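The values are calculated or read from the model by the stated rules, or taken from the named source; none is laboratory data. Because the structure is a prediction, the values reported are computed rather than measured. Virtual Cβ from ideal backbone geometry, glycine too; neighbours counted across all protein chains shown.
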Amino acid sequence: MSRLKWMQGLECRRSHRSYEETERRSLVAEFERRRAAGKSVRAIARALGVSAKNYYNWQRRYGSAVLPVLRSVTIVDAVVTPVSPCPVVISPLGYRVEGLSVADVATLLRALA
């Protein structure tokens, strides 16, 4: 078997191969079809024998034919906790003291210092 026929039978492409524009467009379309099916860019690139960097460059150049897949989200109302009008003291051990006036908090902090 001649070397040329052997090289044509390879599925992996050489890293320095140049691609025609029609090939690039069809590869971008194939990438996007497989991406829509949930495959990663790295896995698709490996399977097609194209670098992920080439795919991203070609996608930027030729645009994306497939809209990105969006996930649905649920919007919930924010829970607003009332702000305490008096200061709250929490110790390093986790003890919580509240309901004191500012003067009482100052007295407590002086006693603990």
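Could you grab me the full set of residues in region 74-113 that are surrounded by 10 or more Cβ atoms within 10 Å (Cβ to Cβ) and outside any loop (DSSP other than H, G, I, E, B)? Full working, then the answer.
Quick first cut of region 74-113, residues surrounded by 10 or more Cβ atoms within 10 Å (Cβ to Cβ) only: 86-90, 97-98, 100-101, 104-109.
Within region 74-113, Val88, Val89, Ile90, Val97, Glu98, Asp104, Val105, Ala106, Thr107, Leu108, Leu109 qualify.
Among the residues of region 71-113, write down those that are of a type in the set (A, V, I, L, M) and under 30 Å from Gly38 (Cβ atoms). Steps first, please.
Pass one, region 71-113, residues of a type in the set (A, V, I, L, M): 73, 75-76, 78-80, 83, 88-90, 93, 97, 100, 102-103, 105-106, 108-109, 111-113.
If the condition is that a residue be of a type in the set (A, V, I, L, M) and under 30 Å from Gly38 (Cβ atoms), then Val73, Ile75, Val76 are the ones that fit.
So which residues in region 14-53 are of a type outside the set (Lys, Arg), under 28 Å from Arg71 (Cα atoms), touching a residue at least 24 places away in the same chain (Cβ under 8 Å) and surrounded by fewer than 16 Cβ atoms within 10 Å (Cβ to Cβ), if there are any at all?
Ala29, Ala36, Ser51
Val79 versus (1) under 22 Å from the mean Cα position of the chain (by Cα); (2) modelled with pLDDT under 90; (3) of a type in the set (A, V, I, L, M, F, W, C): which is the lone unmet condition?
Only one criterion in (1) under 22 Å from the mean Cα position of the chain (by Cα); (2) modelled with pLDDT under 90; (3) of a type in the set (A, V, I, L, M, F, W, C) is unmet by Val79, namely (1).
Could you go through region 7-16 and let me know if any residue there is among the basic types (Lys, Arg), outside the structural domain of Ser101 (by TED's automatic domain parsing), at pLDDT below 75 and over 30 Å from Thr107 (Cα atoms).
As a first pass, look at region 7-16 and keep what is among the basic types (Lys, Arg): 13-14.
Then keep just the ones that are outside the structural domain of Ser101 (by TED's automatic domain parsing); that gives 13-14.
From the residues that got through so far, the ones that are at pLDDT below 75 too are 13-14.
Applying the additional criterion that residues be over 30 Å from Thr107 (Cα atoms) yields 13-14.
There is at least one residue in region 7-16 that is among the basic types (Lys, Arg), outside the structural domain of Ser101 (by TED's automatic domain parsing), at pLDDT below 75 and over 30 Å from Thr107 (Cα atoms).
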